[in-house]
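Presented below is the structure to which this report refers.
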Ligand code: C5P
C-alpha cells in the first residue's frame with residue numbers, strides 16, 4: 001500500500017481538523033494542522049508587540065520561532081518556543097487577527113517550507129486553506145470541505161462552549177464571514193478550491209459520514 005498525501009482545505013469551521021485527525025488515525029498517517037501554525041505565529045506577534053502586517057518584522061521573528069506538535073488526547077498539543085499554547089491559539093483575539101498575519105508573503109513562505117518538511121516524513125493528512133493549491137500541489141487526494149455559514153457558526157458555537165468561550169452566534173457568523181473574505185481575497189495563495197479537488201458539502205453530514213466518504217477516496221488511490 002502506498003503512503004499518500006491527503007490535502008483537506010476549506011473555509012473556517014467547516015470541520016477540517018476534526019475530520020483530518022480521524023482520517024490520520026484511521027490510516028496511521030501524520031496529521032498536520034497548518035491553521036495552528038498561523039495561529040501560533042499570530043499569538044507570538046501579539047505577545048511580543050510585532051505589528052501584524054509588518055512582513056519584514058514577522059520574518060525576523062519567525063527566524064527565531066520554534067513551532068512543534070506533540071500527540072495529545074483529545075487534541076494534539078501545540079508548543080511555541082517550548083511553551084504549550086494549545087488553548088491560547090484558539091482564543092477569539094487570535095482567531096480574529098490571524099488572517100492579517102496569514103496574508104503576509106514572508107510568513108506564508110516560511111510556514112509553507114516547514115509544512116513541506118513535515119509532509120516529507122511519510123503518509124500525511126494536512127488541513128488548511130492552500131494545501132492542495134500551494135503547499136502540496138501533487139497530493140494524491142485533495143478535498144475541499146464546505147458547509148453553510150449558518151451550520152459553521154453553530155458548530156463553532158458548540159466548540160466554543162466546551163472551551164468556556166461564550167461569543168454570541170451572530171457575532172460568530174460575522175467573524176467567520178469576515179475571515180473567509182480576507183482569506184479568499186488575499187494576493188498570495190488565497191483560499192480557493194484546487195482544480196483537481198473533490199468538493200464535499202458537509203452541511204447535512206455527520207463527522208463519521210464525511211470521514212467515510214474521504215476514506216473511500218483514499219482507499220481507491222493507495
Ligand atoms: O484552520 P484555522 O481556522 O485554524 O486557520 C486559521 C487561519 O490561518 C485562517 O483563517 C487563515 O487566515 C490561516 N491559514 C492560512 N493557510 C493555511 C491554514 C490557515 O492562511 N493553510
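Quick notes on this structure:
- Square roots of five times the Cα gyration tensor eigenvalues for the chain, Å: 25, 21, 17
- Going by neighbour counts of Cβ atoms within 10 Å, the residues 73, 201 line up, fewest first, as 73, 201.
- Order of 38, 31 under a 10 Å beta carbon neighbour criterion, fewest first: 31, 38
- Relative compactness, region 2-109, computed as alpha-carbon Rg over 2.2 N^0.38 Å: 1.11
- Relative contact order, percent, region 1-136 [alpha-carbon distance under 8 Å, six or more residues apart]: 45 percent
- Note on 177, 219: ascending count of other Cβ atoms within 10 Å places them as 219, 177, the fewest first.
- Centre separation in Å (Cα based) which lies between region 184-217 and region 1-62: 16 Å
Coordinate-derived values only; no laboratory data. Fair warning: this is a prediction, and the values are worked out from it, not measured in the lab. Note that we place each Cβ from the backbone using ideal geometry, even for glycine, and neighbour counts take in every protein chain shown.
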